[in-house]
Amino acid sequence: VFAPFEQGLDPSEDVVVLETCMNDQRFIVDTLRMCASELGLKEVASVNIIVNVRRDADGKLLSVAKSEAPDHVTESVTHFVLLGARNATVRDKLCSEVTTRLSSVALAVGDYQRFRRMLKDFANSYEYLAQVAGFSLAHPEDLRESNQFLQWLVEDHFLFMAGVSLRPTADGGLQTAQ
């Protein structure tokens, strides 16, 4: 995060520039836009470039590939021009919030496939129970409807940020399934 007027540009402008470079993942641009908006900053321009790069152990850029290459990783480079953050406190808050939020998003995105797999397993369980003769806790059509709803969710109609499996205990409570 930097203010162009600190770089010798026109100090009359209330402009701040936010730049990021990180492994590509879902929701980078949306996260940055929401963060800026919540801090009262107005986006006047932005660009997001996806590039395949190879870096050394210290992070120094060694090469850029035209397409995916086995020894390269995909990175997302963003550049946002924002109005309303001439105050250093606001810029510091923007930097802190962006760092925290992108770290949280990276954790959630990293578990995304595991959550989808878990939900597919739940959906399959409902379908299996619907087919089991004599299952008395629910009607088969209710179980199939639950299966169809879970399958619909899995097909990118919902963002999963967390999941847990619970099982009933002897006293009627619930505990985390292992």
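Test Glu127 against the stated conditions and say whether it is in contact (Cβ under 8 Å) with a residue 40 or more places away in the chain, at negative phi, of a type in the set (Asp, Glu) and open to solvent by less than 60 Å² (accessible area, probe 1.4 Å).
Against the criterion (in contact (Cβ under 8 Å) with a residue 40 or more places away in the chain, at negative phi, of a type in the set (Asp, Glu) and open to solvent by less than 60 Å² (accessible area, probe 1.4 Å)), Glu127 does not qualify.
Which of the residues that make up the range 42-70 are of a type in the set (Gly, Ala, Ser), assigned to a loop (DSSP other than H, G, I, E, B) and surrounded by fewer than 13 Cβ atoms within 10 Å (Cβ to Cβ)? Steps first, answer last, please.
At the first step, the residues of the range 42-70 found to be of a type in the set (Gly, Ala, Ser) are 45-46, 57, 59, 63, 65, 67, 69.
Applying the additional criterion that residues be assigned to a loop (DSSP other than H, G, I, E, B) yields 57, 59, 67, 69.
Selection gives Ala57, Gly59, Ser67.
Would you check if Ala106 is open to solvent by 30 Å² or more (accessible area, probe 1.4 Å), more than 30 Å from Asp14 (Cα to Cα) and either among the small types (Gly, Ala, Ser) or assigned to a loop (DSSP other than H, G, I, E, B) (or both)?
Here the answer is yes, as Ala106 does meet what is asked.
Out of all the residues in the range 71-124, which are within 19 Å of Val44 (Cα to Cα) and free of Cβ contacts under 8 Å to residues at least 40 places away in the same chain?
Listed by number, the list holds a single entry, Asn87.
Within the range 17-33, can you find the residues that are assigned to a helix (DSSP H, G or I) and of a type in the set (Asp, Glu)?
If the condition is that a residue be assigned to a helix (DSSP H, G or I) and of a type in the set (Asp, Glu), then Asp30 is the only one that fits.
Mind counting the residues in the range 72-91 that are modelled with pLDDT of 90 or more and in a helix (DSSP H, G or I)?
Going through the range 72-91 one residue at a time, the tally reaches 0.
Within the range 34-41, identify whether any single residue is assigned to a loop (DSSP other than H, G, I, E, B) and either at pLDDT below 90 or exposed (fewer than 15 other Cβ atoms within 10 Å of the Cβ) (or both), and answer yes or no.
yes
The values are calculated or read from the model by the stated rules, or taken from the named source; none is laboratory data. This structure is a prediction, so every number in the text was calculated from the model and none was measured. Positions of Cβ are backbone-derived with ideal geometry, glycine not excepted, and every protein chain shown enters the neighbour counts. Heavy atoms of the whole protein, side chains included, go into the accessibility calculation; ligands, DNA and RNA do not. Shrake-Rupley method; radii C 1.70, N 1.55, O 1.52, S 1.80 Å.
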